[in-house]
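Below: one structure, written as structure tokens.
The values are calculated or read from the model by the stated rules, or taken from the named source; none is laboratory data. Computed from a predicted structure; not experimentally measured. As a convention, Cβ positions derive from the backbone with ideal geometry for all residues, glycine included, and neighbour counts pool all protein chains shown. Protein only, heavy atoms only, side chains kept; ligands, DNA and RNA dropped before computing areas. Shrake-Rupley method; radii C 1.70, N 1.55, O 1.52, S 1.80 Å.
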Amino acid sequence: MIVLCVAEKPSISKSITNILSGGQFQTRSTRSNIIKNYDFSYPHSRANFTVTCVAGHVLQHDFAQSHRKWHSCDPFELFDAPIVTEVAPDKKAIADNLTAEALKAQQLMIWTDCDREGENIGAEIVKICRRVKPGIIVKRARFSAIISQQIHHAAQHPVELDYFQASAVEARIILDLRIGAAFTRMQTRTLQPLFQQITGVVSYGPCQFPTLGFVVSRFDQVQAFQPEKFWYIYLALCHDVTGNKEETPFTWSRGHLFDFSVAYALYVGVLEDKMARVTKVTKKNTKKWKPLPLTTVELQKSGSRLLKLSPKKILDIAEHLYQQGFVSYPRTETDQFDPQFDLASLIAKQVADLAWGAFASSLRDGGGFSQPRRGKNNDQAHPPIHPTAHAGNLTGDEKRVYEFITRRFLACCSKDALGFETTVEVEYGGEDFFAKGLIILERNYLEVYPYDKWNGKELPDFEEGATFVPSVCELRDGTTTKPSLLTEADLVGIMDKNGIGTDATIAQHIDTIIDREYVIPRMEGSVKYLVPSTFGIGLANGYNDIGFDRSLSKPQLRRETERNMVAVCQGTKTKNDMIVEAVEQYKDMYIKAKTNFAKVISSVRSHIDRDSRPGEGGNDRNGGPRPGGNNGDGDGPPGGNGGHGRRGRGAARNARNVGAPYRRPNAPTRSDRTALASQTRANPSRSSSGALQTAPRTLPVAGPSTLAPQINCFCGKPSMELIVKRDSENKGRRFRRCGQPENCDFFEWTDEPPREDKTNHGRPPNPPSILAKRKRIDDTRIVQTLPKFCHCDLTAVLRTVKKEGSNQGKQYWSCPNSQAAACGFFEWDVKETAAPLNARTQSAGSQQTTGECFNVSARSISIKCAIC
């Protein structure tokens, strides 16, 4: 019996031949320069084998001649136009070889890749062979790695071809052709006459547009982001470690607050306590979980993030390593090894490696082995990606990808990292803080997997009930940070989560939107971000403006198509049902899109017209969107065949720019300290974050002022001019302050421009950052204050603290509006603050109190005098 074995690629057919024949085979040439036929005897099956191959898909789907030309019909007709399936022009020599060999054989064995696409290519091979020999027996070889054991097992135990999976892929190809061609022709024919910059095809694809939508959505989030200021209490204790000073920070249990007045009130309350008390010390064993077995999506995500390679390149390299027999099949959704899987033999093959051989030996002989974790996914087709042989002679990116796969596999077979964690909880001034320490006991998998980090951190020896004087207690501020633009690793994760593409096609879709120049990669340091071009933004936002229930640039429609493909694979839905259902949905979308396409035109125009403005997306390559076909996701070149399911990327190298390049602006820096804080020229001690420390300062002695033009303070009364006499950088410098007993907080250096609008209804003008009131209060009397006004120009109301704590019963002024409309104004009543403010300024390391003034910095708030 003659068995015709057909692989998917030339390299696979050669590898299969070498394994099955033991190196004893004859080679015959074919009409195709890349295809060879190999003949040998296979005694295990008592048959003669002929091994040949194809080069991917042999058949192509396209419209009939009546609808193939771009202007031959209304694009809407393409949803129902007849489709013909025929051998691709460049694959005719391959098809002829198949028919010639099929005539000689009694059995056809399909050796294509064991995934959906491989089943469909196998079905194409069967269709071609049965045209000349309808009765030929068809079998399918099932394997996951190009290694001797699996190849022999597949040859001796063939199975049936999965026609359900083949039908699902064919349905997807037909849908992508109809949908992509209809929308691409409509877009191109409408936009090209309106914009001279657009000279290429404006392609649409059911996968590429949602992919573009993700990139545009994140870009819009970045552009619309407004930083918001927040405040938090920073508490720390300095201690000696082998003669060096180290600071143990405590995290505020509240995290941070966006209301300054509330944060400041809590901070003042905290400072009323001299000692912090340890309320709880928790010590426990902890672990860092080893990684799950490797899937295709995780390979693309982690490889892109860690190896700085594009997902498509990573997958291409993994595919080449698979063809060489170094790794298993790289397209799999499975993240769990079968309990009977032979892990020991694979570990033993890595013992010879100079980099991780010792670790592999410890797994095999030293008791370091532990069964891999079991994830939640199993595609019932292939195991997780793993090394199948030791490869010691690889170089460049191939070596890096192989090393990542191998280290990941060995880490999966190791034990979790073990540690000992200590959590210390303290209470200070009614507020809770905590600090965590970690001692790593056993690194285990971390020894071989340097991509994960787990660093130890020691804490001082705290005991419950103990008290201590904090070294640092500050009210610091920060601002929320904008989200980053998407990286390729981010986009892979988002597409996988939303069901756009499969684990094997996600990388191709990303490559497509980059190749079409809807998205442009931008390097920032070693990180590659994806930035939409102005044209890409215009298209995506234009479709969003139409107001679809499920926008063409959103993932819902494509996600439904992918789910229907799964249903076809499982046999619960037919190929025809899937096609009819999806076509009807996209017909409705097409009608609405064409009716409202003026919104897309307006959006594209608004973004292209802004192509010279900085901060916008753009297209700095010398060309507009590129024409060309695609891999079942778009349309073909103008005047061409309308986008059949094979790749083709024509170039529009001479097209004019569709948009200026986007250059990601530097992240905005924080605003400078407010005017009062910036006057502090004595260079006070600062923490590492730039916050002023709580060391005490004395008020500079002021002498009589000289004659000067009258400057009114916030009260509307003449201010006093004084001179700094204390030894400091400001010694001899003149300043003005309020001359009234109530002291309205006015302050100015005389050698700097005066402030405007000092009266402001008897209160300070609204500052960019709210400053604490700087008062010198005589403890022997109660100061009478002027009427209080909040920042809304309303009379402030006097309230009383009702919450239990050190401030309970105290009175404070606040905005009279409701909480939702309040302006954030807060001020302790002067009768309440007189004593506490005089008494609370103290050094972190001393219990001595002083009567110095203090200031609230814009960056951090600590007990400080704004002048000195």
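Observations on the structure shown:
- Inclusion of Gly392 among residues that are open to solvent by less than 60 Å² (accessible area, probe 1.4 Å), without any contact (Cβ under 8 Å) to a residue 60 or more places away in the chain and farther than 30 Å from Val159 by Cα is not warranted.
- Restricting segment 236-258 to residues that are hydroxyl-bearing (Ser, Thr, Tyr) and exposed (fewer than 14 other Cβ atoms within 10 Å of the Cβ), the residue that is nearest to Thr467 (Cα to Cα): Ser253
- Each residue in segment 145-172 was checked for being open to solvent by 10 Å² or more (accessible area, probe 1.4 Å) and under 34 Å from the mean Cα position of the chain (by Cα), and 3 pass.
- Looking across Val159, Val169, Val202, one residue alone is in contact (Cβ under 8 Å) with a residue 12 or more places away in the chain, out of contact with any Leu (no Cβ under 7 Å at 6 or more places or on another chain) and over 30 Å from Tyr42 (Cα atoms). It is Val169.
- Residue in segment 206-219 that is β-branched (Val, Ile, Thr) and either more than 23 Å from Arg516 (Cα to Cα) or more than 30 Å from the chain's Cα centre (by Cα) (or both) present: no
- Candidates Gln371, Gln380 - the one that is open to solvent by 40 Å² or more (accessible area, probe 1.4 Å) and under 15 Å from Pro291 (Cβ atoms): Gln371
- Of all the residues in segment 205-235, those that are of a type in the set (Ser, Thr, Tyr) and open to solvent by less than 10 Å² (accessible area, probe 1.4 Å) number 1.
- When the criteria are applied in full, Ala181 meets the requirement of being touching an Asp or Glu at 6+ places or on another chain (Cβ under 8 Å), in a helix (DSSP H, G or I) and either more than 30 Å from Glu421 (Cβ to Cβ) or open to solvent by less than 40 Å² (accessible area, probe 1.4 Å) (or both).
- Within segment 25-44, tally of residues that are in a loop (DSSP other than H, G, I, E, B) and not basic (Lys, Arg): 6
- Enumeration of residues in segment 535-563 that are touching a helix residue (DSSP H, G or I) at 6+ places or on another chain (Cβ under 7 Å) and without any contact (Cβ under 8 Å) to a residue 60 or more places away in the chain: Asp545, Ile546, Phe548, Arg550
- Hey, Arg550 assigned to a helix (DSSP H, G or I), modelled with pLDDT under 90 and either open to solvent by less than 40 Å² (accessible area, probe 1.4 Å) or in contact with an Asp or Glu (Cβ under 9 Å, 6 or more places away or on another chain) (or both) or not: no
- Each residue in segment 101-144 was checked for being among the β-branched types (Val, Ile, Thr) and under 44 Å from the mean Cα position of the chain (by Cα), and 5 pass.
- Scanning segment 1-40 for residues being open to solvent by 70 Å² or more (accessible area, probe 1.4 Å), polar (S, T, N, Q) and touching a helix residue (DSSP H, G or I) at 6+ places or on another chain (Cβ under 8 Å) gives a total of 0.
- Helices (runs of 4 or more DSSP H) contained entirely in segment 337-412, each with at least 2 residues that are acidic (Asp, Glu): 396-412
- Taken over segment 173-192, the criterion of being within 19 Å of Ala123 (Cα to Cα) and over 31 Å from the mean Cα position of the chain (by Cα) is satisfied by Ile174 alone.
- Sole exception among (1) under 30 Å from Val268 (Cβ atoms); (2) of a type in the set (Val, Ile, Thr); (3) open to solvent by 30 Å² or more (accessible area, probe 1.4 Å) for Thr423, by number: (3)
- Selection within segment 371-390 - small (Gly, Ala, Ser) and either over 24 Å from Leu446 (Cβ atoms) or modelled with pLDDT of 95 or more (or both): Ala381, Ala389
- Residues in segment 243-250 include none that are of a type outside the set (Gly, Ala, Ser), in contact (Cβ under 8 Å) with a residue 12 or more places away in the chain and within 28 Å of Leu485 (Cβ to Cβ).
- Here His44 fulfils each of the conditions (1) within 24 Å of Ala123 (Cα to Cα); (2) in contact (Cβ under 8 Å) with a residue 60 or more places away in the chain; (3) out of contact with any Lys or Arg (no Cβ under 9 Å at 6 or more places or on another chain) apart from (1).
- Reported count of residues in segment 811-828, each being open to solvent by less than 30 Å² (accessible area, probe 1.4 Å) and modelled with pLDDT of 75 or more, is 5.
- The condition (being more than 30 Å from Asp432 (Cβ to Cβ) and in contact with a His (Cβ under 8 Å, 6 or more places away or on another chain)) is satisfied by just one residue among Arg331, Arg364, Arg374, Arg305: Arg331.
- Considering segment 53-146, the qualifying strands (runs of 3 or more DSSP E), each wholly inside and each with 3 or more residues that are within 29 Å of Ala182 (Cβ to Cβ), run over 59-63, 83-87.
- Across segment 280-300, the qualifying residues are those that are in a strand (DSSP E or B) and open to solvent by 50 Å² or more (accessible area, probe 1.4 Å), and the one among them that is nearest to Glu488 (Cα to Cα) is Lys288.
- The set of residues in segment 323-358 that are of a type outside the set (A, V, I, L, M) and closer than 17 Å to Asn393 by Cβ comprises Gln323, Gln324, Gly325, Phe326, Lys349, Gln350, Asp353, Trp356, Gly357.
- Strands (runs of 3 or more DSSP E) within segment 447-532 that include 3 or more residues open to solvent by less than 30 Å² (accessible area, probe 1.4 Å): 472-479, 527-532
- Contact map, segment 62-75: first residue over 16 Å from Thr190 (Cα atoms) and open to solvent by less than 70 Å² (accessible area, probe 1.4 Å), second residue part of a helix (DSSP H, G or I) and not hydroxyl-bearing (Ser, Thr, Tyr), Cβ cut-off under 8 Å, separation 6 or more or different chains; pairs are Asp62/Arg68; Asp62/Leu177; Phe63/Leu78; Phe63/Leu177; Phe63/Ala181; His67/Glu77; His67/Leu78.
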